[in-house]
Amino acid sequence: MGKNTRIFTDVDYEKDGKQVGWLYLPYSVTRSAYGNISIPIAVIKNGKGPTVFLMAGNHGDEYEGQVALCKLIRTLEPGEVHGRVIVMPAANLPAALAGARVSPLDDGNLNRAFPGDPDGSPTYAIAHYIDSVLFPMTDFYHDLHSGGSSLDYIPFTSMRKSDSPDLDAKAMAALKAFGAPISLVWEHTLDTGFANAAAIQHRIVTLGGEFGGGGSVSVSGIRIVEQGIRNFLRHAGCLAADASAGGNQTPTKLMEVKNRHYFVLAPEAGLFEPVVELGDNVTEGQLCGQVHFVDNPKREPVPAYFRTAGMVICKRRFGRVERGDCVAHLATDWKG
């Protein structure tokens, strides 16, 4: 187990077969002096082979991955597997149960908590377990996201550039194999604390993705995830090739986010009126929208402009904004 982790489990990661159980994080509160947070985990193993770790619920209000992984746990059988598949459908369980981005127990954002702290609050203890126990046994990792309650996304899978050309080449091959209609390469500097950044530090072939948003469940997003996960498992060598499964007939469209100029931030607090839709192609300097001031209607709205050209791949869902909120971001064709 990871150094000093407080989390324990009855799941045996080395045992063949299908186990669906829980990670127990001690959490003593008034209603339960010896209580535990019970975080679901499944291990489907069959002999030697690669380990694929699939995770959703990093943010609790991002649902497509949670639904797809619950379905995978019920349907994937050891006889189909070569190696080991580890599945966490609700990694930050308190946030998932609350339908919130962050945990109601500690306001913790799991995707800013890595590598975690074994003695920290629940979110940091969960991050530490993933980083110190699960990542060291993992060869391929997919962290399934969506835009949550505050953002809408055109569904895509993604990879982040690392400092290793060899690792990036493996991630690109996995990205193409996943087979989403759009695949995105994040080029800009990765902030600390992200799960994918931590996985890359472990030299794991790592993918992410945004498969919907708005706090809803996208039918198309779930379909993309379900087919893509099977493709990802085949690519990793955990599932045998299945000619009857067909697969993507159209190659994925490769796009990228190169830097922070692709993002538009609210210039003032107020009510944001967008003037573009998801999928629109825009030019540098084009109007993205404007902030209105309903408490002072004679005040002129403050405009927000795109700082580069590209396709609108993300839009803010909520109308009210604070200065600095992301209201949209772009992607452009990947240049390689």
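Observations, loosely collected:
- Subset of the stretch 304-336 [assigned to a strand (DSSP E or B) and β-branched (Val, Ile, Thr)]: Val312, Ile313, Val321, Val327, Thr332
- The listed residue being within 26 Å of Asp12 (Cβ to Cβ) and either of a type in the set (A, V, I, L, M) or free of Cβ contacts under 8 Å to residues at least 12 places away in the same chain (or both), out of Leu97, Leu105, Leu76: Leu76
- Top-ranked residue of the stretch 282-292 - restricted to ones that are touching a residue at least 24 places away in the same chain (Cβ under 8 Å) and surrounded by 15 or more Cβ atoms within 10 Å (Cβ to Cβ), ranked as farthest from Phe318 (Cα to Cα): Val282
- Filter result (buried (at least 17 other Cβ atoms within 10 Å of the Cβ), under 23 Å from Ala91 (Cβ atoms) and of a type in the set (Asp, Glu)) within the stretch 141-198: Asp143, Asp152
- In the stretch 181-196, residue farthest from Val67 (Cα to Cα) [restricted to those that are at pLDDT 95 or above and part of a loop (DSSP other than H, G, I, E, B)]: Phe194
- Here the strands (runs of 3 or more DSSP E) wholly within the stretch 197-302 that include at least 1 residues being modelled with pLDDT of 95 or more, under 23 Å from Arg101 (Cα atoms) and in contact with a helix residue (DSSP H, G or I) (Cβ under 8 Å, 6 or more places away or on another chain) are 205-210.
- Taking every residue in the stretch 212-224 that is in contact (Cβ under 8 Å) with a residue 12 or more places away in the chain and pairing it with any residue that is in a helix (DSSP H, G or I) and surrounded by 21 or more Cβ atoms within 10 Å (Cβ to Cβ), at least 6 positions away or on another chain, the pairs with Cβ-Cβ distances below 6 Å are Gly212/Glu64; Gly212/Gly221; Ser218/Glu64; Gly221/Glu64; Ile222/Glu64; Ile222/Ala68.
- Output for the stretch 86-124, where each listed residue is closer than 16 Å to Ser38 by Cβ and touching an Asp or Glu at 6+ places or on another chain (Cβ under 7 Å): Pro122, Thr123
- Among the conditions (1) assigned by TED's automatic domain parsing to the domain that holds Thr75; (2) of a type in the set (A, V, I, L, M, F, W, C); (3) within 18 Å of Ile182 (Cα to Cα), the only one that Ile313 does not satisfy is (1).
- Residue in the stretch 99-110 that is buried (at least 24 other Cβ atoms within 10 Å of the Cβ) and of a type in the set (Gly, Ala, Ser) present: yes
- Some residue of the stretch 129-145 being out of contact with any helix residue (DSSP H, G or I) (no Cβ under 6 Å at 6 or more places or on another chain), aromatic (Phe, Trp, Tyr) and over 25 Å from Gln227 (Cα atoms): yes
- Verdict on Gly279 being within 30 Å of Ser183 (Cβ to Cβ) and either surrounded by fewer than 20 Cβ atoms within 10 Å (Cβ to Cβ) or among the β-branched types (Val, Ile, Thr) (or both): yes
- Of all the listed residues (Pro94, Pro104), the sole one being at pLDDT 95 or above and either among the β-branched types (Val, Ile, Thr) or in a loop (DSSP other than H, G, I, E, B) (or both) is Pro104.
- Residue within the stretch 125-136 that is modelled with pLDDT of 95 or more and part of a loop (DSSP other than H, G, I, E, B) present: no
- Pairs, first surrounded by 12 or more Cβ atoms within 10 Å (Cβ to Cβ) in the stretch 1-28, second modelled with pLDDT of 95 or more and of a type in the set (Lys, Arg), C-beta under 6 Å, six or more apart: Asp16/Lys45; Pro26/Arg6
- Residues being of a type in the set (Asp, Glu), in a helix (DSSP H, G or I) and crowded, with 20+ Cβ neighbours inside 10 Å - total across the stretch 56-91: 1
The values are calculated or read from the model by the stated rules, or taken from the named source; none is laboratory data. Every value quoted in this text rests on a predicted model; they were computed, and no experiment measured them. As a convention, Cβ positions derive from the backbone with ideal geometry for all residues, glycine included, and neighbour counts pool all protein chains shown.
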